[in-house]
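All remarks here apply to the structure that follows.
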């Protein structure tokens, strides 16, 4: 595909293992930025809720994530794509988005060790839906996209600092917020 979004749109990609803080970070960025012009494209929502699909190579959700992201960017929205988005299944789609996006793109991999992921998961509302066995099967250590596309954020960085960094890097922090719209 060619040219997605505009020079004014921002694409933020947040990847990492389960319970690394991707969804929480995206939600906090949205809260601080306000409702206007910011779409959050969550892998879990599209794959599990909309399609009820397992994470498989060439899964339908991969194309849907791509389509929703491009549609939002082409309509002037800034977009956060967040999810585990394992490189073996999603790298081709993500790299095409990165290459095609006309505006600023910022990519992050939240690097959280497995034991810390388990600890964080225990405090989540969905903790009873899956546990250590499933999380171990999903876990990929430093599952980075090719070509050094991502900045690695270590587990020791507090979430508030992650949010501030992503917002500053992407330019979202410079815009006035309209919280509660």
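Tabulated data for the structure shown
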{"item": "Evaluation of residue 94 against (1) over 16 Å from residue 11 (Cβ atoms); (2) in a helix (DSSP H, G or I); (3) touching a residue at least 60 places away in the same chain (Cβ under 8 Å) (one fails), failing number", "result": "(1)"}
{"item": "Checking residue 80 against (1) over 13 Å from the mean Cα position of the chain (by Cα); (2) buried (at least 18 other Cβ atoms within 10 Å of the Cβ), the condition it does not meet", "result": "(1)"}
{"item": "Among residues of segment 130-181, those that are assigned to a strand (DSSP E or B), at pLDDT 95 or above and surrounded by fewer than 14 Cβ atoms within 10 Å (Cβ to Cβ), counted", "result": "3"}
{"item": "In segment 1-54, residue nearest to residue 160 (Cα to Cα) [restricted to those that are in a loop (DSSP other than H, G, I, E, B), touching a strand residue (DSSP E or B) at 6+ places or on another chain (Cβ under 9 Å) and at pLDDT below 95]", "result": "21"}
{"item": "From 117, 86, residue being at pLDDT below 90 and in contact with a helix residue (DSSP H, G or I) (Cβ under 9 Å, 6 or more places away or on another chain)", "result": "117"}
{"item": "Unique residue being touching a strand residue (DSSP E or B) at 6+ places or on another chain (Cβ under 8 Å) and either at pLDDT 95 or above or crowded, with 17+ Cβ neighbours inside 10 Å (or both) when the list is 71, 108", "result": "108"}
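The values are calculated or read from the model by the stated rules, or taken from the named source; none is laboratory data. Fair warning: this is a prediction, and the values are worked out from it, not measured in the lab. So basically every Cβ, Gly included, is an ideal-geometry build from the backbone, and we count neighbours across all protein chains shown.
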